[in-house]
Structures are given as C-alpha cells and as structure tokens.
Amino acid sequence: RGSVLRGVAASAARLLGADGVDPRSRLGLPAGATEAEVTAAATGAAAYWRAHAGHPATGGRDRAACEVLVRTAEGLLT
C-alpha cells in the first residue's frame, strides 16, 4: 500500500518549518513576497492538503498528517 504523501514529503516538511519558520519560507515564497502573495499561497496550501486528506485512497495516518498540514497552512493566514 502506497502513501498518498509519497512524493510530497519535502513540501510537507517545508510547510512545517524545515526551511525556516517565517510564513514565506514555509510556503516556498521569496523573502520579498507581499502579504497578498502569502495569503494566496497559504490558502492554496490549505486547499491542496485538504484535497489529499479527502482522497479515497488516503489512510488514517496520512489523513491525520494532512489535517495537521491544513491547520498549519490556515495558521499562516492569521
């Protein structure tokens, strides 16, 4: 059984702060990104991970991980 998170682990790790804790680093944006770009990227990231969580092939552990990533992305909006 494959993991739905296979192939996106680097993106998940970045969102969780592996490359820095500021929102721009977490979202893979340049340091000069505007607040509007941060908001758009965080909204997109939340939608992306929500879609992964809702995928029929996503098992419980992966779904839980995706839900953490959704909350993390949403937290960058505040």
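The values are calculated or read from the model by the stated rules, or taken from the named source; none is laboratory data. For clarity, every value in this text was computed on a predicted model and none was experimentally measured. No Cβ is skipped: glycine too gets one built from the backbone with ideal geometry, and neighbour counts run over all protein chains shown. Note: areas computed on protein heavy atoms with side chains; ligands, DNA, RNA excluded. Shrake-Rupley method; radii C 1.70, N 1.55, O 1.52, S 1.80 Å.
Of note:
- Residue in the stretch 31-41 that is free of Cβ contacts under 8 Å to residues at least 12 places away in the same chain and in contact with a Lys or Arg (Cβ under 7 Å, 6 or more places away or on another chain) present: yes
- Taking residues in the stretch 48-64 that are within 15 Å of A9 (Cα to Cα) and free of Cβ contacts under 8 Å to residues at least 40 places away in the same chain, and partners anywhere that are assigned to a helix (DSSP H, G or I) and of a type outside the set (A, V, I, L, M, F, W, C), the pairs with Cβ atoms closer than 6 Å and at least 6 places apart or on different chains are A53/R63; A53/E67.
- Within the stretch 1-38, the set of residues being acidic (D, E) and at pLDDT 95 or above comprises D22, E35, E37.
- For the stretch 2-52, filtering for residues that are at positive phi and open to solvent by 70 Å² or more (accessible area, probe 1.4 Å) leaves 1.
- For the stretch 54-70, filtered to residues that are more than 9 Å from the chain's Cα centre (by Cα) and surrounded by 18 or more Cβ atoms within 10 Å (Cβ to Cβ), the residue that is modelled with the highest pLDDT is A65.
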